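This report concerns only the one structure given below.
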Amino acid sequence: MAIATLAGIRAEEMEEVYAQFIAAYPEYLDTAVLDHLRRTEYRRLDDLDHVYLDYTGGGLYADSQLTEHLQLLRNNVFGNPHSHNPSSLAMTELVDQARQAVLDHFHTTADDYVVIFTSNASGALKLVGESYPFAPRGHYALCADDHNSVNGIREFARARGATVHYVPLTSPNLQMDKVELEKILDRKAPGESGLFAFPAQSNYSGAKHPLSYVHDAQARGWDVLLDCAAFAPSNDLDLGIWKPDFATFSFYKIFGYPTGIGALLVRRKTLPKLQRPWFAGGTVKIVSVQAFGHYLADGEAAFEEGTINYLNIPAVAIGLRHINEVGLDTIQKRVRCLTGWLLDQLAGLRHSNGRMLVKVHGPTDLDLRGGTITMSFFDPDGLPISGQLIEQLAAAAHISLRTGCFCNPGSGEAAFGLPKELMQQFFVDAKGMHFAELVEVINKARGVDVSAVRISVGLASNFADVYRFILFARGFADRTGSSFETESFAVERTARDAS
Ligand SMILES: Cc1ncc(COP(=O)(O)O)c(C=O)c1O
């Protein structure tokens, strides 16, 4: 099958495969409400013939979220919430409602957690990094599966003399190594400070790391930072049960709109440990220039620097309401069924010489995983097909997927078995290099393409989306990367000529 003609898939064939899918995953039928939403709230996907498979990159918004938010803005006079005039007070009320909606969504209360609005998950993580009392004889433990915005906290820890420990991943499942984790957690002596940061779900492999690690670390005196950015879009996080000291989110990943707002949830009892490195407008009670003094504001206000994204914050409450009306259980069930089927199909993809076409990095069954699947493609001789080529061909087939290492270098290193000595040699030159150069050098040295291909499903995904992806993947059977070069350049040229 030619990659570029996937739009012409045969409906009868898909019906037949769908029947087999339902036989294997009958609970998918319980999620029919999402098919209705796909036809109404998310119809632009089908109107534009688009297969969206990048929910880990960003969620999709429903039409009604936009309408409701715009109506709110059109019908009210809102001012900067930092004062006491009526337009300001009206805004403050909506910001308070959004904070409450966040607490409700994560099953907790203002007695237990403070909600700090940030510009995204990275902003929330940076607040922890710069405020946590890292010190000599203190510790920062993190997971090799962390996103770079969690890896980056190690620079705050190092600068202040704390020891940094990485918990490695097991191969091939890319789960956190529990034995190593326990060894690291035991290295903190009583009285020493220690922060342990891990993702509830990997943005690379989709692996879920047990939330019970929150309790295990806290029982040994560690504070815990749970990065929920990739977990929260299709899983219910109960902060009434799991009580990480810090939890971080980006709302666009959960419900698509608005971008530019994330949150740091801090356990109220941990809040006094945080030391703000500076103050800004909005974060202080009073400041004197002559007396050179300042008093920090209480609670979340000490962390929300300058003017918050106030006109967009009400859209957080709207988005959360939408998710709760749909039901996270329903979203999770759909994601699980589609992911299970994708994994089954990917495992069966073969060239006619029997060699595998696709290798999945990370969990290959539904145990301890979410709806993100990262993989590499191989030709009939077992040589890698470049991620870049796959992305180009996917784009021509109207499929949105991702390639690269997804800001998660530790998982990439583990997935491709890249040893420390190899990686060290890329960090001796002050000039540095870009990821594309790294891919090229490693490819030459070891014959692997470390630019992996990532797909992820979510709230608006349906069977047709994953079916089309599998047809796309099947199009690589018995082909080498170079056999596509001419075809892909032709596709590119046609697109250019048409525009
Ligand atoms: C697990 C994880 N943590 C943190 C982030 C950072 O989120 P943002 O880019 O919205 O700050 C991401 C983004 O993809 C992520 O997947």
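The values are calculated or read from the model by the stated rules, or taken from the named source; none is laboratory data. Note that this is a predicted model, so its numbers are computed, not measured. Backbone-built Cβ (ideal geometry, glycine too); neighbour counts: all protein chains shown. For accessibility, only protein heavy atoms count, side chains too; no ligands or nucleic acids. Shrake-Rupley method; radii C 1.70, N 1.55, O 1.52, S 1.80 Å.
Okay, here's what the table says:
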{"read-out": "Helix-only mean residue ellipticity at 222 nm for the chain, each DSSP H run of n ≥ 4 adding -39500 (n - 2.57), per residue, nearest 500", "value": "-12000 deg cm²/dmol"}
{"read-out": "Rounded tilt (10° steps) of 463-474 against the dominant C-alpha axis of the chain", "value": "60"}
{"read-out": "Between 0 and 90°, nearest 10: helix 63-74 axis offset from the chain longest Cα axis", "value": "30"}
{"read-out": "Shape call, segment 76-324: gyration tensor on alpha carbons, a/c limit 1.5", "value": "oblate"}
{"read-out": "Per-residue ³J(HN,Hα) for segment 414-420, Karplus 6.51 cos²θ - 1.76 cosθ + 1.60, θ = phi - 60°, Hz, x for Gly and Pro", "value": "6, 4, 9, x, 7, x, 4"}
{"read-out": "DSSP-defined antiparallel bridges as percent of all bridges, segment 76-324, nearest 5", "value": "50"}
{"read-out": "Positive dipole terminus of the chain, leading residue within 141, 79, 229 (C-beta point charges)", "value": "141"}
{"read-out": "DSSP bridge pairs, the chain: antiparallel proportion in percent, nearest 5", "value": "60"}
{"read-out": "Relative contact order (%) - the chain, alpha-carbon pairs under 8 angstrom, separation at least six", "value": "21"}
{"read-out": "Above-threshold pairs, the threshold being 18 Å between Cα atoms, out of 178/208; 126/183; 208/273; 243/273; 183/269", "value": "126/183; 208/273; 183/269"}
{"read-out": "Net lengthening on full extension, residue 259/residue 464 (0.36 nm per residue, minus Cα-Cα)", "value": "71.1 nm"}
{"read-out": "Full-stretch length increase - residue 158, residue 43 - with 0.36 nm per residue and alpha-carbon distance subtracted", "value": "36.5 nm"}
{"read-out": "With DNA, RNA and ligands ignored, accessible area of residue 294 (1.4 Å probe; Å², nearest 10)", "value": "90"}
{"read-out": "Distance from segment 103-167 to segment 429-465 (C-alpha centre basis), Å", "value": "26"}
{"read-out": "Segment 411-468: trypsin sites (Lys or Arg not before Pro) in DSSP coil with no more than 10 other Cβ atoms inside 10 Å", "value": "431"}
{"read-out": "Shape call, segment 203-328: gyration tensor on alpha carbons, a/c limit 1.5", "value": "oblate"}
{"read-out": "Amide H within-cut-off set for residue 284, under 5 Å, with H built and near neighbours excluded", "value": "297"}
{"read-out": "Spin-label zone in segment 302-328 - amide nitrogen under 13 Å from a point set 7 Å from the Cα of residue 87 along the C-beta vector", "value": "311"}
{"read-out": "Solvent accessible area, Å² - residue 242, 1.4 Å probe, full protein context", "value": "60"}
{"read-out": "Alpha carbon convex hull of the chain, volume per residue in cubic angstrom", "value": "182"}
